[in-house]
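What follows is one structure encoded as structure tokens, with my remarks underneath.
Read the figures in this text as sums done on the coordinates, not as results from a lab. Bear in mind the structure is a predicted one, so any value in this text is a computation, not a measurement. As a convention, Cβ positions derive from the backbone with ideal geometry for all residues, glycine included, and neighbour counts pool all protein chains shown.
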Amino acid sequence: MRKLFSAILGVLLLCSCGGKQVLIDETREFAGASWQRFTPETFEVNVNSTDDYYRIDFEVVVDSALMRNDQLPLTVNLYSPDGERRMFYAYINLREHGRWKGQVLQGREKEGLRVMRETIKPFFSFNSKGTYRLEIGQATSQFDLDGLYSFRLDIERTEIDYKALDD
């Protein structure tokens, strides 16, 4: 009986601690594979806890024949339910030493579409509960950024690995 109780308790602990909590996982596609500089993408994020840490990832699908940039600079504006505004810059490196990063998009090899994912904030916390508005804009010098098919925002709960921070 004691072993059965221990096994059930172990399963309950694994289920309660091991699950990912995804705050948002949304993709936006750009008409004509072009993102205008002064047209930010807006997302709403519902936050239920201020005790957790989150990881913010961006993912883009790029047409390597149309994209002229080696890096995609982004502006991120976060508006809290309390009226606070936090702003930061983020960068997605598209090429390294002249070579495209990321993976070729399956089924679209002939089109030169590549998927690139960057962790923008490995540990991020929210100051209050409620609905946040997140505005993400491209910050290149071009008015239209050609060659960008889609943009994905993924915010998931994470644990801080203090041991890895010391390395």
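For His97 and Asp52, the FRET efficiency from 1/(1 + (r/R0)^6), where r spans their Cβ atoms and R0 equals 41 Å, is about 0.65. Neighbours of Val47 by Cβ distance under 12 Å: Lys/Arg scored +1, Asp/Glu scored -1, total -1. Residues Trp35, Trp100 in ascending order of nearby Cβ atoms (within 10 Å, fewest first): Trp100, Trp35. Here the peptides 63-76, 83-96 are ranked by packing, the mean other Cβ count within 10 Å, and the order with the highest first is 63-76, 83-96. In the range 26-167, a dipole from Cβ-located charges (positive for Lys and Arg, negative for Asp and Glu) runs towards its positive end, and of Ala90, Gly147, Ser80 it is Gly147 whose Cα lies farthest in that direction. Here's the picture: a label point sits 7 Å out from the Cα of Gln142 along the beta-carbon direction, and within the range 49-93 the residues with their amide nitrogen under 20 Å of it are 59-76, 90-93. Charge tally around Asp70: other residues with Cβ under 12 Å, Lys/Arg +1 each, Asp/Glu -1 each, net +3. Between Thr39 and Ser64, the FRET efficiency estimated from the beta carbon spacing at R0 = 25 angstrom works out to 0.60. I'd like the distance separating the alpha-carbon centroids of the range 86-100 and the range 118-140, in whole Å. Using only Cα atoms, the two centres lie 17 Å from each other. Three principal axis extents of the range 22-159 based on alpha-carbon atoms, in descending order, are 45, 31, 26 Å.
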